[in-house]
Every structure is written in C-alpha cells, then in structure tokens.
Amino acid sequence: MKRIHEENVRKQAEAAKTQATMQAKSDKLDEQIKKNQLKIQKQQIREMRHAMKCPHCHSTNVKPLGVHRKDFSLGRELMWGYGSGSNGKATKKTDFVCMKCGKRFVK
Ligand SMILES: [Zn+2]
C-alpha cells in the first residue's frame, strides 16, 4: 500500500514538472507570438499607408494626420493604438488628408 502511494507521489511530481516546463515553453512562445504580431502590425501599418487611396480622386498620395490627439506624435499614436490595445485613449481610426485634392477622410 505504501509503495503505491509513493509511486503516485512520484508520478504527481513528474506531472507537475512537465507542466511547469510546458508552461515555461508556452510563456516563451507567447512572447514570441507577441513580438511577431507586433512586427506584422507594424508591417501592416506600412502596407496600409502604401495602399491607402483617396476616395475622392483615388490618388495614393495621402498623408496620415492622426488628429485625435494633438499633443502626441503620430508614431506614438500608432504605437498606442496598435501596440498595446489596453490603452483606450487611442482609436484605431486615423485621419488622412489627400495631397492631391486636399480632402480629408478617415480610415
Ligand atoms: Zn484626393
């Protein structure tokens, strides 16, 4: 009887150890995924700027304004909006102005 108990304790300890290792692995993976997501998001922002077209004259010569918060630079605005997500201050919408026809639009 005692032997079985010891066996169980050993198995439990092993299981806990495996779980801890797996947890550490998944933590590392989470970090990696987060980093990758950030990279992808940054790339998406870059691509978005490239693909952005004026709805009035269809010119791609548009400039993001980011007028939601005047005190902050556009870079920080984008970082807050896309990077953290937990910060409710920044909106995902950005104001753009067309360099060709001068009209503003929100994307
Ligand atoms: Zn335009």
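The values are calculated or read from the model by the stated rules, or taken from the named source; none is laboratory data. Predicted model only: the values in this text are computed from it and were never measured. Calculation scope for accessible area: heavy atoms of the full protein, side chains included, ligands and nucleic acids excluded. Shrake-Rupley method; radii C 1.70, N 1.55, O 1.52, S 1.80 Å.
Points to keep in mind about this one:
- Per-q log10 I(q)/I(0), segment 1-51, q = 0.17, 0.24 Å⁻¹ (Debye; single scatterer per alpha-carbon; no solvent): -0.67, -0.84
- Exposure ranking of R3, R104, R46, R10 by accessible area [1.4 Å probe, largest first]: R3, R104, R46, R10
- When each of K34/K107; K35/K93; K17/K42; K34/K63 is checked by Cα-Cα distance, pairs over 31 Å: K17/K42
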